[in-house]
1. Can you name the number of the only condition in (1) surrounded by 14 or more Cβ atoms within 10 Å (Cβ to Cβ); (2) in a strand (DSSP E or B); (3) of a type in the set (A, V, I, L, M, F, W, C) that ALA164 fails?
2. Select from the stretch 135-172 the residues that are closer than 30 Å to SER102 by Cβ and basic (Lys, Arg) and list them in ascending order.
3. Just name the residue that is surrounded by the fewest Cβ atoms within 10 Å (Cβ to Cβ) out of those in the stretch 129-159 that are under 20 Å from TRP77 (Cα atoms) and of a type in the set (Asp, Glu).
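Each reported figure results from applying straightforward, stated rules to the coordinates on display, with no laboratory input. Quick caveat, the model's predicted, so the values are computed rather than measured. Cβ sites come from the backbone with ideal geometry, for glycine too, and all protein chains shown count toward neighbours.
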Amino acid sequence: MKHALAFALLLAAAAPAHANKADDLFQQGQKAMKQKAYAEACSAFEESDKLDPGIGVKLNAARCYEEWGKLARAYQWYLDALKLAEKAGDKRGDKVKEILASLDQEVPKLLITVPANSDLEGGSIMFDGKPLDSKLLGSEFRVDPGPHELEWQVGGEKKTKTLAFERGASREVTIELDPAPVPVSGDGSTPTTLEPSKEPEVEKVGQTRKLVSFVLVGAGAVALGVSGALTLDARGTYKDALAEHCGGVTNMCTEEGVQITGDARSRANIATGVAIFGLAAVGAGIALYLTAPSPEADPTLSVGPILAPDTTGFAVSGSF
């Protein structure tokens, strides 16, 4: 009980000491700020915040870095102050939001990308002499205006690149790293990733396309049959009209002969249109069938016209 009481007394005595030290550092920071000794001022504010964190000291540290031109660091201090203000319900949070929105347009941004199979553990990346957090790779992050040194290694060789940033600038840099080592299983063999078989999916797609091709070929064949029938009918009607109403010649038709022959020509034109549709449908069906994916060999399919005195059409043969 005596030890616990003594420890509590020590803590009570240490708290005011820390607060006094933090206040002294805060005063030193303000004094250095007036003299534009930013390195000394910002350091004093940071040390004061470590001893006694608060919205006021964070805002002073942020303003110090902003006047010094270290905009990325200023942004982070303003952000820390905003989080503390929102947690405490402090009205200063609204003003800090406005400052952050305005400052963000001035802070330079950098995006560093690496190949997907890069070894992020073996090939360390240094930014301004410090290891770069791998979580920042592939994501845009804020940097201070001015020159920055980027270092990395490839094949044991050190690579460096100097990047200069002006206010509001954005830049993307891609660097090559050594590939990540291939994992080895317990028996010393390289594990093989088995990809799922795509045959069922291919077969399903192939069956669907073949079914559509059959429908198209069937519709085309029907259209060609109708076209042939219309053509034969129109041809027969035309010949009969010439014999009965035109004296066997086209320029001596009676009024009825002219009408009948005109109707015959119209039906012939319709037959031609139906034939064109039928040919297009058959062609599309054949193309779908021949290009349908299949794990097996594609069957043969042949198409040919039927030309005879009393019939016209299209013959489709093969293995389905």
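1. Condition (1) is where ALA164 drops out.
2. Within the stretch 135-172, the subset closer than 30 Å to SER102 by Cβ is 135-150, 162-172.
Those that are closer than 30 Å to SER102 by Cβ and basic (Lys, Arg): LYS135, ARG142, ARG167, ARG171.
3. Top of the filtered list is ASP133.
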